[in-house]
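Below is a structure I'd like to ask you about.
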């Protein structure tokens with residue numbers, strides 16, 4: 001890591017210059033945050049698990065025609081991705097009431113929604129990622145009408161695919177967040193899926209027991225965070241044969 005030029009460091013990842021123009025190396029950290037960085041901690045091996053889960057999902061989405069920034073996984077903690085201009089809008093897709101929508105609308109957690117709900121938030125830690133409408137996006141020029149249409153279309157397709165994927169391994173996809181970016185080729189650009197998809201940004205409940213298999217275990221001090229993340233990876237059939245904590249510690253020593 002020290003030999004590379006760092007571009008940006010966020011709450012869960014570090015971005016470095018890639019080996020070729022237009023590429024970036026995305027490094028997954030073990031840092032855990034909640035409530036817009038108000039709660040912080042470290043979960044040993046989280047970066048490894050999130051890296052392999054996100055790789056698995058992004059490759060699967062690419063196979064069904066969803067354009068993404070993903071190129072390949074380089075190591076247990078690193079991915080090679082295409083450089084994109086991130087659109088400053090987080091997209092939240094909700095299938096079951098949980099989290100913020102329960103507090104805002106007085107819904108009981110676990111209430112199934114009659115149809116998938118797409119929400120937009122302005123990406124700003126300082127402002128706690130406020131909920132916004134399409135009119136805000138258009139008024140402030142964060143995206144145009146065509147981009148909003150594409151983002152919504154892709155988000156619902158991702159939801160359909162992931163709902164089926166997780167249902168097949170005994171997990172309910174309650175809600176999740178997505179980020180999108182602009183991939184430039186000359187003066188033209190395409191809207192592509194970016195960032196990551198992992199238990200950090202999804203609510204995943206066991207279909208039979210309702211047990212939480214996501215970052216809510218950290219948010220709510222439930223414990224067993226890494227066991228939950230590893231269980232998701234196991235059910236997806238992608239957990240490395242070696243113990244993930246040993247792998248993470250080994251990589252940390254070599255960094």
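The values are calculated or read from the model by the stated rules, or taken from the named source; none is laboratory data. The shown structure was predicted, so the numbers you read here are calculated from the model rather than taken from an experiment. FYI the Cβ positions are ideal-geometry reconstructions off the backbone, even for glycines, and counts take in every protein chain you see.
Could you identify the single residue in 33, 23, 68 that is within 22 Å of residue 224 (Cβ to Cβ) and either modelled with pLDDT of 95 or more or touching a strand residue (DSSP E or B) at 6+ places or on another chain (Cβ under 9 Å) (or both)?
33
Let me ask something additional. In region 120-227, which helices (runs of 4 or more DSSP H) lie fully inside it and hold 3 or more residues that are at pLDDT 95 or above, in contact with a helix residue (DSSP H, G or I) (Cβ under 6 Å, 6 or more places away or on another chain) and closer than 26 Å to residue 48 by Cα?
none
Any idea which of 113, 61, 117, 43 is in contact with a strand residue (DSSP E or B) (Cβ under 8 Å, 6 or more places away or on another chain) and within 29 Å of residue 22 (Cβ to Cβ)?
After applying the criteria, what remains is 61.
Show the residue pairs that are 6+ apart or on different chains and have beta-carbon atoms under 6 Å apart, the first residue being within region 191-204 and on the phi > 0 side of the Ramachandran plot, the second being surrounded by fewer than 24 Cβ atoms within 10 Å (Cβ to Cβ) and at pLDDT 95 or above.
Within 6 Å, the pairs are 195/179.
Answer yes or no: is there a residue in region 19-34 that is within 30 Å of residue 133 (Cα to Cα) and outside any strand (DSSP E or B).
no
Checking the conditions here, which among 61, 74, 105, 80 is in the same structural domain as residue 163 (by TED's automatic domain parsing) and either surrounded by 20 or more Cβ atoms within 10 Å (Cβ to Cβ) or more than 15 Å from the chain's Cα centre (by Cα) (or both)?
105
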